[in-house]
Amino acid sequence: MTEQHTTFERLAAIEQRIDATQARFPEFPRRTALILRLIRHVHSEGQDMLNAQLRPFGLCYSEYGILMMLYSNAGHGINPSELSVASGEKGANLTRICNALFKRGLIDRVPSLEDRRKVVLSLSTQGEALIERLLPVISAESEQHLNGFGTDDLAQLEDLLKRMLENMEQHAARRPE
């Protein structure tokens, strides 16, 4: 059985490991490492919390994300490559997720009108009904993650995360293949 630790205990353990690394390698970028670990931790905790909310509906976070991408398309289909870009899922994982959602009747797959070799994905009636039942639950849970943040805080956090993603993309573009 896994021992449960408080957020404070987990953060203290992370900082202790980062400090130990910096002691062995003084040039180690402590603040950068801590921020990256915190982002990873926030992402992991957020996914775990949302997965707990989704489990009673027979879904996991990645499946919910795909359903939401299709829901946001307002009755129009989307091809798998566009869905991959919008969702951030790799092709093979997207195929696995979509196959599972299709088998459960939550999405529809039809041949593209422009190119019969391609498929178009959309929410089924059952999938749309499920998302509309889930949205209030997931929205309330998500809002709790940012409880206590003001409008300016949220705008600043959004801007900082976008800048970080831009930095990462620029760095990746300069990296040799």
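What follows is calculated from the coordinates using simple rules that are stated; it is not laboratory data. Quantities reported herein were computed from a predicted structural model and do not represent experimental measurements. Cβ atoms come from the backbone with ideal geometry, glycine included; neighbour counts cover every protein chain shown.
Just a few scattered comments:
- Cα-based convex hull, the stretch 58-142, per residue volume (Å³, whole number): 94
- Size check on the stretch 1-80: the Cα extents along the three principal axes, sorted descending, read 56, 33, 16 Å.
- Sorting the segments 89-98, 4-13, 66-75 by their mean number of nearby beta carbons within 10 angstrom, highest to lowest, gives 66-75, 89-98, 4-13.
- Most to least packed among 22-29, 47-54, 120-127 [average Cβ atoms within 10 Å]: 120-127, 47-54, 22-29
- By average C-beta atoms within 10 angstrom, highest first, the peptides 106-117, 159-170: 106-117, 159-170
- Helix-only [θ]222 nm of the chain, DSSP H runs n ≥ 4, -39500 (n - 2.57) each, per residue, nearest 500: -23000 deg cm²/dmol
- Long-range amide H partners of Asp108 with built H, under 5 Å: Ser122, Leu123, Ser124
- Take the convex hull of the alpha carbons in the chain; its mean projected area over all directions comes to 15.0 nm².
- Annotation for Arg163 and Arg17: the two label points, set 7 Å from Cα along the Cα-Cβ direction, are 2.8 nm apart.
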